[in-house]
């Protein structure tokens, strides 16, 4: 009878709690930290948690709080914190704090570095326990998030023997957030940094931001736009920065700021910002010391200089290295770094813009101070749906190169197109630079293996905003997630990452995981197909980069126009970057340069990036270039239609809130894919006068219609 | 034993469900529609709900859905919808749909008008029921919200005999929202209108917006800034407007747009926007017809013309009436209206800006078309913490005057100062204009009683944005709420409204309700005290209106400067608006003019609005003006300290999320109140050279410090 009562009560309660769980809006706010209730308690699930430290630091406190939240949600009740090790305890042991564990109970953590950890199923005093051990509290925190990720993914948490350490040192988000809360290239609302109400009001959302980032290993964040405003370096703003840093610190996240190169003039009243001027150097030293008074663990500066109108050392005839080193000297005594962006282009129009960073930076190799990293975009142009990898990777053995990826989808459909960027980034990271012989992947450059860099890092341009779901869409959360996971391990598989994200975000059911992962894995290629197939690039609308505008050929400078990149004439299309053209291909190592320079070996997907070919050029499959181009557009649309159908098949298996939003967004994506195809084809036909390939539907409007569309209020524009 | 089981199970489940209820974040999103669980089921609580209609319209469906949500939350389970009347049924009966009720079962609804309703406890077929009856579905919806408000407030829902009808016809929010989502004078994030993702994505938040507004009787919303952008009148935007209108329609809310007067030139390519030009008239007629194609129940236009740089009829030598009437003719065939703002000031500096609206509009009385309302701010200047009522009220008997209130706190501390505006609005609405003899209150003008207006209305400048809590703070939600309740009944008591808001928002416990209501009731006077006491006005920082700047005297035009309004010299302070000065007081009816013109009778709180007096002027309490002024500043701070202490006493009785946010905001308010006092005193002392009254602390900084503060990124600025 008693058992019966228990069972009835339990069943009834499940019902009730189910009702209330349902009442929690599935609006995406929880990200991948949803910690959905487990169908059954896993083997070796912990009964209690023990922090084997004399003092619980704020970081360990954050770890314990996350365990409490996650276990309450997944197991139905929060794990009890205990001072004693009992059966099935989860034991957190940080070398940083000394532990009360018996000798020999701890695994060695010599190999995990300052941020790695060991997860180990073992016994202490004869009792089975799970150990999370690390050299530092931050390492323990990362281990806790790994452990919770396994549990939340429905993976085994028994018989663990895991060692993990990050392959890069600096794993940063770059917010392009202005102080008025406008986010440049932001498609998810305003900046989450509520500068006006700071420091008096510290939004609890900052803590959730820290949790999410720590859960994927991100350990730094640059708060402000690289198109920078010196105001953030003034005391009222530094007080606000300090308030943010205080929230992020327990989560192992350091704060960085963008340094406006002309700040000594704007704030300091100096007549110059020349980096060799002693007064300028003194100003930066004093300013930096002041910043460290506010934020003792300030990470350092991120700088965009002499690019797109930003001031820089070249204004005074000084080199990028001279500029960077001045700032590097100021932060060095405090252990800070300078991240100097290689995304530069000169005021004069270069012969070929994609060559410029290489041309400017390679000669500077070896001239940068020890605590400077040069931050290089994945490709030589600007975050396009597809670019070859940046030729700087492998070309600066004496200078730590960070890679800069764009999480926010400036060129891939904003937040309403589903495009999983894991595959894009994997393509770049696994590309072989041949710099130190075959197998010198971009990843091996970035993680320091190829050239033994003292500093290593990855930066991701944030897609985070005030939208309730943070990223503007549910699937854009996956890009934030994938960035963090790849920064931890640049050799990780994009598909594995997608899969683990889906499990935590949507469902652990294998058929759902497979279906959604499949959608994600083909999504980026669909965007390439319907926007910029066959190596075409930068055909987006002027300024806002929304929608197609391949016809634009008359902006302030040629290298801002789509025409500059496609060079379509009646005779052919594509940018000749062989020795007959700009010879940009020569910036790559020999085997790569040879492969891409030859029409025989260049891959189709980079054809028009490197070559100008006639419209009737014969592709490997026997079709003409024109036929192939049109087919790619149509294939992009067809892929979106597949994605729509596959998503629709999940109806009833995903909560209605997220299901409906994704459905609506896919519909927008489909319409805009069609628009891209139709507008592009209408334009190419106006140039090449060719009939449409058989079976292809003509654009429903004439070219003038597509040219007439204007979007003065498209989000994310630079200001 | 069975009972025991039941009790154990019930207790256990309560615990479980309690846990999960707690998991729902108290982030303010639910507004006053929290529907907190009732401690006990009230007498006559309904068991089922019956829609006594053959067809359930979208509006009745919305009502049923609200009942379901509210009953699930307050009573633990949603009311069953039934086709049959059973004991304790809640019966919805709309005259609009015909009902299946027996003859004589329905109360007469002749007197409630198209939007009013009757709540009545009665019997049908011998069974006790609660009837919600109305002429229209919208009336039923309002009745449902009234019924739920009573239940949510813990009031009796037995023995009901309530008849209610709105005293004004048009109850509108005015969003000053730009198409790029910037909200002019917005302190709660971005515009909730996500124009870029519309119409493809219709944010579910729009439905919650509609629910909240319908619950307080708001029946219209103007989506766009009065500083207007003609783009909203183009087809792509009208499609987006239609998508919003489709969500709001079931909730009885019509959509209005701001009409840019120069649109015929900007969009139509006409050489003029002269309202007497036939081509201009034809353009507006065609455009209006087009709008009605998209939105068949479009409400009409709101216009700011010839004011602060906006184009208007005076650009062509035409009057406001000629401009308004042109638009009125265009919307008239569709049943639309034009709301023409009286907030004008000419390009030339007037003798006294507060006189201008009266001077321009009174001569036009009787010249406006039947479907034009003139929309008049509560005071003659601009939404200051205190102003006398606008002299137009009572002065235009032939022209329907709407009142325009500012819900967003442009001049009352943005969203971080707690200032309940119900008392400000009550002060204006209950003011006696004496226009038709004693007792002609502003409310009686606005509700049409005084002059028998065909149209009546109230407009509130919205404080709504993307902040999770909608209004930027919890207490700013009360201002949205109070606006709606006063629009329904301009004679309602601000304290009663505060009380009912607190009950629904925070707690039904009388001691909590009393405490919070007391805080609210004194809050606005505190702001007056620490910002602009004794009739001072417009001393805020230039442009953003953040913080004190009484020293500013050199802007583009004199009437933009604080100096223009306070006229402080070594000899005295205040704006002489008697016959010795601008004689603005003469715009008021005789008894009021006499009272305010005389130093013997003018109330202290308008003293410096109407009079220039010496610093040693003797106040009624025997103190000098200077002593009194300083005392008011300090009293303002002291009141905020009281509010802080009273709020702190509620710790543990309010959920931590909202408790902490209010606590933090009150701390900001206290710091800024101190700043206002200190900066103001430092400035006045620089003018009058007087020592501080005894016992008053000197400002901690010199005047130069306060003048040096700058806030380039303060939110809400005009763009």
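Among the residues of the range A:640-648, is any away from every other protein chain (no Cβ under 14 Å), closer than 22 Å to residue B:200 by Cβ, more than 28 Å from the chain's Cα centre (by Cα) and touching a residue at least 60 places away in the same chain (Cβ under 8 Å)? No, the range A:640-648 contains no residue that is away from every other protein chain (no Cβ under 14 Å), closer than 22 Å to residue B:200 by Cβ, more than 28 Å from the chain's Cα centre (by Cα) and touching a residue at least 60 places away in the same chain (Cβ under 8 Å).
Out of B:695, B:716, B:652, which single residue is at pLDDT 95 or above, on the phi > 0 side of the Ramachandran plot and in contact with a strand residue (DSSP E or B) (Cβ under 8 Å, 6 or more places away or on another chain)? Full working, then the answer.
Working: B:695 fails: in contact with a strand residue (DSSP E or B) (Cβ under 8 Å, 6 or more places away or on another chain); B:652 fails: in contact with a strand residue (DSSP E or B) (Cβ under 8 Å, 6 or more places away or on another chain).
Within the list B:695, B:716, B:652, the selection yields B:716.
The one condition from (1) in a helix (DSSP H, G or I); (2) more than 14 Å from every other protein chain (Cβ to nearest Cβ); (3) more than 28 Å from the chain's Cα centre (by Cα) that residue B:705 does not meet is (2).
For residue B:550, the criteria (1) outside the structural domain of residue B:672 (by TED's automatic domain parsing); (2) farther than 21 Å from residue B:346 by Cα; (3) within 31 Å of the chain's Cα centre (by Cα) hold in every case but one, which is (1). Screening the range A:157-166 for residues that are assigned to a loop (DSSP other than H, G, I, E, B) and more than 21 Å from residue A:213 (Cβ to Cβ) and picking the one that is farthest from the other protein chains (Cβ to nearest Cβ) gives A:159. When residue A:582 is tested against (1) over 17 Å from residue A:351 (Cβ atoms); (2) in contact (Cβ under 8 Å) with a residue 24 or more places away in the chain, only condition (1) is not met.
Being within 24 Å of residue A:348 (Cα to Cα), within 25 Å of the chain's Cα centre (by Cα) and modelled with pLDDT of 95 or more narrows it down to one residue among A:484, A:535, A:574, A:543; which is it? Break it down stepwise before answering.
Working: A:484 fails: within 24 Å of residue A:348 (Cα to Cα); A:535 fails: within 24 Å of residue A:348 (Cα to Cα); A:574 fails: within 25 Å of the chain's Cα centre (by Cα).
Sole residue among the options that is within 24 Å of residue A:348 (Cα to Cα), within 25 Å of the chain's Cα centre (by Cα) and modelled with pLDDT of 95 or more: A:543.
Can you spot a residue in the range B:242-264 that is in contact with a helix residue (DSSP H, G or I) (Cβ under 6 Å, 6 or more places away or on another chain), at positive phi and more than 14 Å from chain A (Cβ to nearest Cβ)? Yes, that holds for at least one residue. When residue A:699 is tested against (1) crowded, with 19+ Cβ neighbours inside 10 Å; (2) touching a helix residue (DSSP H, G or I) at 6+ places or on another chain (Cβ under 8 Å); (3) away from chain B (no Cβ under 14 Å); (4) touching a residue at least 24 places away in the same chain (Cβ under 8 Å), only condition (4) is not met. For the range B:265-285, name all the residues that are part of a loop (DSSP other than H, G, I, E, B) and either without any contact (Cβ under 8 Å) to a residue 40 or more places away in the chain or out of contact with any helix residue (DSSP H, G or I) (no Cβ under 8 Å at 6 or more places or on another chain) (or both). Correct list: B:267, B:268, B:269, B:270, B:271, B:277.
Residue B:636 satisfies every condition listed in (1) within 14 Å of another protein chain (Cβ to nearest Cβ); (2) within 30 Å of residue B:507 (Cβ to Cβ) except (1). Selection over the range A:494-517 of residues that are over 19 Å from the mean Cα position of the chain (by Cα), farther than 26 Å from residue A:410 by Cβ and assigned to a helix (DSSP H, G or I) gives a count of 7.
Just for strands (runs of 3 or more DSSP E) wholly inside the range A:286-401: which have at least 3 residues that are without any contact (Cβ under 8 Å) to a residue 60 or more places away in the chain and crowded, with 23+ Cβ neighbours inside 10 Å? Walk me through how you get there before you give the answer.
Working: elements: A:300-303, A:337-341, A:372-377.
It comes to A:372-377.
Restricting attention to the range A:213-237 and to residues that are more than 10 Å from chain B (Cβ to nearest Cβ) and surrounded by fewer than 22 Cβ atoms within 10 Å (Cβ to Cβ), the residue that is nearest to residue A:505 (Cα to Cα) turns out to be A:227. For the range A:294-318, a residue qualifies if it is at pLDDT below 95 and touching a strand residue (DSSP E or B) at 6+ places or on another chain (Cβ under 7 Å), and exactly one does: A:307.
Only a single item in (1) farther than 19 Å from residue B:60 by Cβ; (2) assigned to a loop (DSSP other than H, G, I, E, B) is not met by residue B:78, and it is number (1).
Considering only the range B:519-526, I want to know if a residue exists there that is more than 14 Å from every other protein chain (Cβ to nearest Cβ) and within 21 Å of residue B:377 (Cα to Cα). Give the steps one after another, and end with the answer.
So the first thing to find is which residues in the range B:519-526 are more than 14 Å from every other protein chain (Cβ to nearest Cβ), and the list is B:519-526.
Next cut, within 21 Å of residue B:377 (Cα to Cα) only: B:524-525.
Yes, there is a match, as at least one residue in the range B:519-526 is more than 14 Å from every other protein chain (Cβ to nearest Cβ) and within 21 Å of residue B:377 (Cα to Cα).
Would a scan of the range B:562-573 turn up a residue that is closer than 30 Å to residue B:474 by Cβ, in contact with a strand residue (DSSP E or B) (Cβ under 8 Å, 6 or more places away or on another chain) and assigned to a helix (DSSP H, G or I)? Reasoning before the result, please.
Looking only at the range B:562-573, we keep the residues that are closer than 30 Å to residue B:474 by Cβ, and these are none.
There is no residue in the range B:562-573 that is closer than 30 Å to residue B:474 by Cβ, in contact with a strand residue (DSSP E or B) (Cβ under 8 Å, 6 or more places away or on another chain) and assigned to a helix (DSSP H, G or I).
When the range B:451-470 is filtered for residues that are more than 14 Å from every other protein chain (Cβ to nearest Cβ), in contact (Cβ under 8 Å) with a residue 60 or more places away in the chain and surrounded by fewer than 22 Cβ atoms within 10 Å (Cβ to Cβ), the ones remaining, listed by number, are B:454, B:455. Scanning the range B:167-208 for residues that are more than 14 Å from chain A (Cβ to nearest Cβ) and either at pLDDT below 95 or outside any loop (DSSP other than H, G, I, E, B) (or both) yields B:170, B:171, B:172, B:173, B:174. Out of B:7, B:37, which single residue is more than 10 Å from every other protein chain (Cβ to nearest Cβ), modelled with pLDDT under 60 and either farther than 21 Å from residue B:248 by Cα or assigned to a loop (DSSP other than H, G, I, E, B) (or both)? Just a single option satisfies the conditions, and that option is B:7. Has the range B:114-126 got any residue that is within 14 Å of chain A (Cβ to nearest Cβ) and touching a strand residue (DSSP E or B) at 6+ places or on another chain (Cβ under 7 Å)? There is no residue in the range B:114-126 that is within 14 Å of chain A (Cβ to nearest Cβ) and touching a strand residue (DSSP E or B) at 6+ places or on another chain (Cβ under 7 Å).
Scanning the range A:411-435 for residues that are more than 18 Å from residue A:458 (Cβ to Cβ) and part of a loop (DSSP other than H, G, I, E, B) yields A:411, A:412, A:413, A:414, A:415, A:416, A:417, A:418, A:419, A:434.
Filtering B:437, B:394 for residues that are over 22 Å from residue B:639 (Cα atoms) and out of contact with any helix residue (DSSP H, G or I) (no Cβ under 9 Å at 6 or more places or on another chain) leaves a single hit, B:437.
The values are calculated or read from the model by the stated rules, or taken from the named source; none is laboratory data. All of these numbers come straight from a predicted model, not from anything done at the bench. Neighbour counts run over all protein chains shown; Cβ positions are idealised from the backbone, glycine included.
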